[in-house]
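Each reported figure results from applying straightforward, stated rules to the coordinates on display, with no laboratory input. Because the structure is a prediction, the values reported are computed rather than measured. Because the Cβ atoms are built from the backbone with ideal geometry, glycine has one as well, and the counts that use them run over all protein chains shown.
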Amino acid sequence: MSKLELINIHKSFGERKVCSGINLTVNDGEMVCLIGASGSGKSTLLRCMNLLEEIDEGEILLNGEDISLPGLDPQQIRQQIGIVFQSYNLFPHMNALENVMLAPRRTHKRSKDELRPEIEELFKRFGLADRMLNYPDQLSGGQQQRVAVIRALAMKPKIMLFDEITSALDPELVAEVLDVLRQLHREGMTMVLATHEMSFAKELADKVCFLDAGEILEEGPPEAIFSNPKQTRTQAFLKSVL
Amino acid sequence: MLTIRQAHAKRVKQRSITIAVISTIAAIALVYFLVPLAPGWPAVKKSFFNAEIFIKTFPTLLDAFMLDVMIFLWCAPLIAILGLIIALCRDVRSPALYPLRLFGAIYTDVLRGIPVVLIVYLIGFGVPGLGLSRPWNSPYIWGSLALILTYSAYVAEIFRSGIESVHSSQRAAAESLGLSPSDTMRFVVLPQAIRRVVPANMNMFIALQKDVALLSFIGPVEVLRQAGVYKSLYANFTPYVAAAVIFLIITIPATRFADHLMSKQQRERS
Amino acid sequence: MLLKSSLSIATVCVGLLLSTSSAFAADSCATGKTLKDGVLTIATGNPSYFPWVLDNDPKAGKGFEAAVAYEVATRMGFDKDNVEWTTASFDASIQPGEKNFDFNLQQFSITEDREKVVDFSVPYYSAAMAVLTRKPIQEKGAKPELESLKGLLWGASSATTGVPMLNKLIKPDDKPLLYNDNNDVVAAMKANQIDAALFDLPTAMYLGAVVLDDGVVLGQFPADRSENPDQFGLLMTEGNPLKNCVDEALEAMKEDGTLASIEAEWLQQTTSVPLIK
Ligand SMILES: Nc1ncnc2c1ncn2[C@@H]1O[C@H](COP(=O)(O)OP(=O)(O)O)[C@@H](O)[C@H]1O
Ligand SMILES: [Mg+2]
C-alpha cells in the first residue's frame, strides 16, 4: 500500500516561482496525470517528489511520513520512488542488463547472480528479454524508454513518476511505451505522469490535474476535465492541444 | 555500367589524386634541389647531417632513450591517478569539503602556470637540498615528481572537462535510482568522462614523452643529454638530429593514433 | 684650374682618412682580417667565471683569460679601446654560419674532433683535470686513488672534455650524472646528489675554495694519464685568416715569459694538489 500526499508545496528558482502552494493526493494504485503547457511546472513538481529538487516550503508525505524533512537520507527515499525521464537517460557505456542491475547491486548490496533471475523476469514481462545484452545505441527509442522503466522498477519502488516519457519518441514508437504504462496500471502500481498524451490520460487516469503557472488550477476525473472544464485557462489549453 | 553522375564523380576524384601526387613530388623536388643551392648548405650538412657521426652515435643514443622511456613509464600511471584525484577534488560539491575544491583549483592554476623546466630545477635541486639522504635525494625521484606534478595538473583539467561533458541528466538518472554521489561518479560519470578524454590525454602523454628530456637538466643522462655530450665531443649537431629521429619514431605513430581516436570519436558523436 | 685644385684637395683628404683609419697598426698582420675593421671582437662565456674572468667583466682585463686576451690583442696591434667583448656559447661557436667574434676563449679544450669544425690557436694553458669533492666524502674515506674514485657517484658539466675522461679513465661503478654548467654541478654536490665532480684544476680550486663551504680538491690527474692533456685554445671559425697572427702573438708571449707571469698572477699554485694514483 502506498500513498503520496503533497501539501502546500512551494518551490522557486531564484526569483522565479515554479510551484506556488500545490496540494495533491495520490492514492494507492492510482494513476494521476499532470497536464499543462510547457513551463507550467510539471517536471519540477515531479523532481520535487523524489527529492531531486529541494522544496522551499510544504510537506511531502509518503504513507503519512514527511520525506521532505531536512536531515533524512535522500538516497534511501529515492530508492522508494522511481522516476523515468523524457530523454531515457540510459547509461550509454552499459548494456541494458547492466543499466538495470547497477542500482540494486550497489544499494541493496546484492550480487549479480542473485539478481539475475528477477531482472530477467522484468525484461520478459515487458517484452525485452532478447534485448538484455544490447547497448543503448543498439536499441530504438521505444526500447530504450522501456529499459529505463525496467531500470526504475528493479528498485521495487512504491511509487513511479513519469515525466513526458513519450515526448521524445517517434510517433510509431509511442504505443509500445504507453502499453507498458497500461500494464503497470493494471498491476496496481501507484503512478504520477506528466503527459501530453491526452487520449491516454482520458482513457486511464484516475485523476487529471491541470497545472498553470505553478498552481493546480483544476483537477478531477478525466471525464470532468476533458469534457467539461470549468476554468477558461483549462479550456484554452485543451483547445490548443486537442 | 556507371551513370553519368558516378562517372563524373570518378573523374573528379582521379583528377584530384593526380594533382595531389604531382604537387607533392614537385614540392619535395623543390626542397631537394633548391636547399643544396643555398650558400651555407655544405656547412649545415656537415654539422647537422653528418652520416658518419649519425651512425656512430645512434646506438648509444637509442640506449639512452630507454631511460626516457622508463621515466615515462613510471610517471604516466602516477600522473593519471593524481590527475584523476585532483579532478575529483575540483568536483566535490559538499560545502564541508570546500577546502579540497580550493586546493584543486590552486594546484592546477599554479602548476600549469610555471614552465616545466623551472619546476624540474626547483624540485630536482631544491628538495634534495633540504638535506635528504640517499637514495631519497635522487634526481630521478624528484625530477619525476616534478613531471608528475606538472602533468597531473594538465591531466586533471582534461579529466575535469570530461566530467563536465557528461550531461547532468546522467547524474540525475543515477541519483534518482538512489545511487550515492560516489557511486554515481564511479559507475556512471567517470567511465564516460574518461573514455571521452582519451585522445586529449594521449596528446598530453606524447608531450610528456618529450618533456622527460628535461630531467637531463638535473643530472640523468638520457637521450638529450647524451646527444649534448656527443655534440661537445664532436663539435657537431648531428647527434641532436639523431635524437630527434628517435623521438619521432615514437611520437609520430602515437600522434597519428591519437588523431585517429579523436576523429573516430567525433564521427561517433555526430 | 679651380676644378683641378679642389680635386687634388679631395685626393689629399681621402688619403688622409685612409691613412688615419689604418694608422692603428699599419704593419699589423691582422689588418683587414677582423670582423670589424680596426676592432678586435673577442667572445667569452655568459657568464664567465673566476679565475678566468673576474666578476664576469672581461673589459676590466682581470682574470687569467681576460688578461691573456688583452695581451694577445696588444701584440696584434689593437689597443685596449679597440677591443670589443661579446658572449657566445659553445654551441653558437660551432654552428655553421656567420659568427659574432674574431676569437672566443672560455676554457675550450683543443680536440681532434673539434678541429674538424673550427680552428684553435696554439694552446694558452695546459689544464690538469682535478677531482672536486666535499669534506664529508673525504672523511668517509675517499682517496686520490683510482680504485677509491670508482666507487663515488660522479658528476660533470656535460659540454666538457671531463665527460669522456670520466668514462675512460675512472670508469665509475654508477653512471655519472651530467649537468648544463658548473653551477648546476655544484648545486648537485650541495644537494648531496653526487659525491665528486671533474673540473679543470683552476676551476676546481676556485669552486672548492669559494663556492662550496666544505669543498676539497681531492687530487689532480697527471698529464700523462689523460690521452691528450687538456689544453685550452682560442676558438676561431674554420679557416680564419687571423689564426697566424693569434698564434704568433701567443708564441711570443710564451717565449718572453709573459704568459707564465699572467698565469702566476691569476692561477693559484697547483702543486699542492696531490696527484691521483
Ligand atoms: N533548474 C532550474 N533552474 C531555473 N529555472 C528552472 C529550473 N528548472 C526549471 N526551471 C523553470 O521552471 C519552470 C517550470 O519548468 P518545468 O518544471 O520544466 O515545466 P514543464 O515540465 O511543465 O515544462 C520553467 O519556467 C523553467 O524555466
Ligand atoms: Mg517538463
What relative contact order, as a whole-number percentage, does chain B give when Cα pairs under 8 Å and 6 or more residues apart are counted? 27 percent
Quick one: of A:LYS17/A:LYS156; A:LYS3/A:LYS230; B:LYS231/C:LYS36; A:LYS42/A:LYS239; B:LYS231/C:LYS33, which pairs are farther than 22 Å apart, Cα to Cα? A:LYS17/A:LYS156; A:LYS3/A:LYS230; B:LYS231/C:LYS36; B:LYS231/C:LYS33
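Based on DSSP H runs of at least 4 residues, each adding -39500 (n - 2.57), what is the mean residue ellipticity at 222 nm of chain B after dividing by all its residues, to the nearest 500 deg cm²/dmol?
Helices in chain B give a 222 nm mean residue ellipticity of -26500 deg cm²/dmol.
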Could you pull out every residue, at least 5 positions away or on a different chain, whose amide H is within less than 5 Å of the one on A:THR190? Hs are placed 1.01 Å off N in the peptide plane, and Pro or chain starts have none. A:GLY29, A:MET160
Pairing the Cα long axis of helix C:2-21 with the longest principal axis of chain C, what angle in degrees results, from 0 to 90 and rounded to the nearest 10? 20 degrees
Looking only at other chains, what is the average number of their beta-carbon atoms within 10 angstrom of each beta-carbon in C:186-194? 6
Output field shielding_mean for C:93-105 (other chain Cβ, 10 Å radius) holds 2
Bridge type composition, segment A:53-209 - antiparallel percent by DSSP, nearest 5: 20 percent
Going Cα to Cα from A:LYS207, which aspartates and glutamates come in below 15 Å? Please leave out same-chain ones fewer than 8 positions away. A:GLU5, A:ASP28, A:GLU30, A:GLU197, A:GLU218, A:GLU219, A:GLU223
To the nearest whole number, what is the average tally of beta carbon atoms from other chains within 10 Å of the beta carbons of peptide B:132-144? 2
Peptides A:32-40, B:140-148: what's the order by average Cβ count within 10 Å, highest mean first? B:140-148, A:32-40
By average C-beta atoms within 10 angstrom, highest first, the peptides C:103-109, C:133-139, B:99-105: C:103-109, C:133-139, B:99-105
Charge sum, other residues only, whose C-beta stays under 13 Å from B:TYR240's C-beta, Lys/Arg counted +1 and Asp/Glu -1: +1
Label-point separation in nm, C:SER261 to B:VAL69, each point 7 Å along Cα→Cβ: 6.2 nm
Setting aside same-chain residues fewer than 8 positions from C:LYS135, which lysines have a Cα under 24 Å from its Cα? C:LYS143, C:LYS150, C:LYS171, C:LYS175, C:LYS190, C:LYS277
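Just need the relative contact order of segment A:15-95 here, percent rounded to a whole number, with Cα pairs under 8 Å and 6+ apart.
For segment A:15-95, the relative contact order is 20 percent.
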Quote the relative contact order of segment C:134-277 in percent (integer), defining contacts as alpha-carbon pairs under 8 Å separated by 6+ residues. 27 percent
